Amino acid sequence: MPEDDPLKSLLDGDISNEELEAIRSSPDLRKLAIRMYGESVIELLGEDLVQETESSTLSHGDDLEMVDIIPEPIQVVRSTIETPGRKKGDTGSKSSTMGPKLRMGLGITGIGVSLVNVYWGFGNLLTTCTQEVHSTCGVSLKLNLLEFHRMQEHIAWGPTAQWGIPDMVLLGFGVLGLILGVLKSR
């Protein structure tokens, strides 16, 4: 907007004498000034001009009417057109790539592996370290699951019937897989 625009000055509230004359001469700017500033602008515009503006508003009937800017709610209708690759009645992509039988099988396997390792020990099946390395070699038969890559050392083996955190995690994943498999098969 240009600097000497009477509308800008009116909106800013900084009105000079020249801009006041422009407001007095324009009926739209007068209406706007009265609506914005109320009775405080009556003295600036002159009382007779304000009364004239009010009477012209009533006689011409060109009052601004309120417009409803919020539209009515639109009902959403789902599409009945089938898209390629989608079968009728298909609810979308599957949430899991594993079937319930596979999930139950992995759950039972996880539970079995963790229980066999803790209470019987994989040392009965796998070779443990030799007696020269450590005195507990051959005696400690439970495989420490985080140290499986060091089976020839004593640190990979522990006493049976003692639970470790990796054993508990494996058992927990097995139980969780079994429960989810049973629930998915229903």
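The values are calculated or read from the model by the stated rules, or taken from the named source; none is laboratory data. Note that the structure is predicted; figures quoted are calculated from it, not measured. Counting neighbours? That spans all protein chains shown, and the Cβs are built from the backbone with ideal geometry, glycine included. With ligands, DNA and RNA removed, areas are computed over all heavy atoms of the protein, side chains included. Shrake-Rupley method; radii C 1.70, N 1.55, O 1.52, S 1.80 Å.
Accessible surface of residue 122 in the full protein assembly, 1.4 angstrom probe, to the nearest 10 Å²? Residue 122 has an accessible surface of roughly 40 Å² with all protein chains in place.
With every protein chain kept in the model, how would you rank 102, 141 by accessible area, 1.4 Å probe, largest at the top? Display every interim value, and only then the final one.
Values: 102 95, 141 35 Å².
Final ranking, largest accessible area leading: 102, 141.
Surface listing: 140, 16 arranged by accessible area from highest to lowest gives 16, 140, probe 1.4 Å. For the range 142-186, the share of accessible area belonging to carbon and sulfur comes to 70 percent (1.4 Å probe, ligands and nucleic acids excluded). Note: relative contact order over the range 104-186, using C-alpha pairs below 8 Å and six or more positions apart, is 40 percent.
The accessible-area ordering, largest first, of the residues 41, 113 stands as 113, 41, per a 1.4 angstrom probe.
Projecting label points 7 angstrom from Cα along Cα→Cβ for residue 124 and residue 32 puts them 9.4 nm apart. A simple spin-label model places the labels of residue 155 and residue 43 9.1 nm from each other, with each point 7 Å out along Cα-to-Cβ.
When the surface is traced with a 1.4 Å probe over the full set of protein chains, residue 149 keeps roughly 130 Å² accessible.
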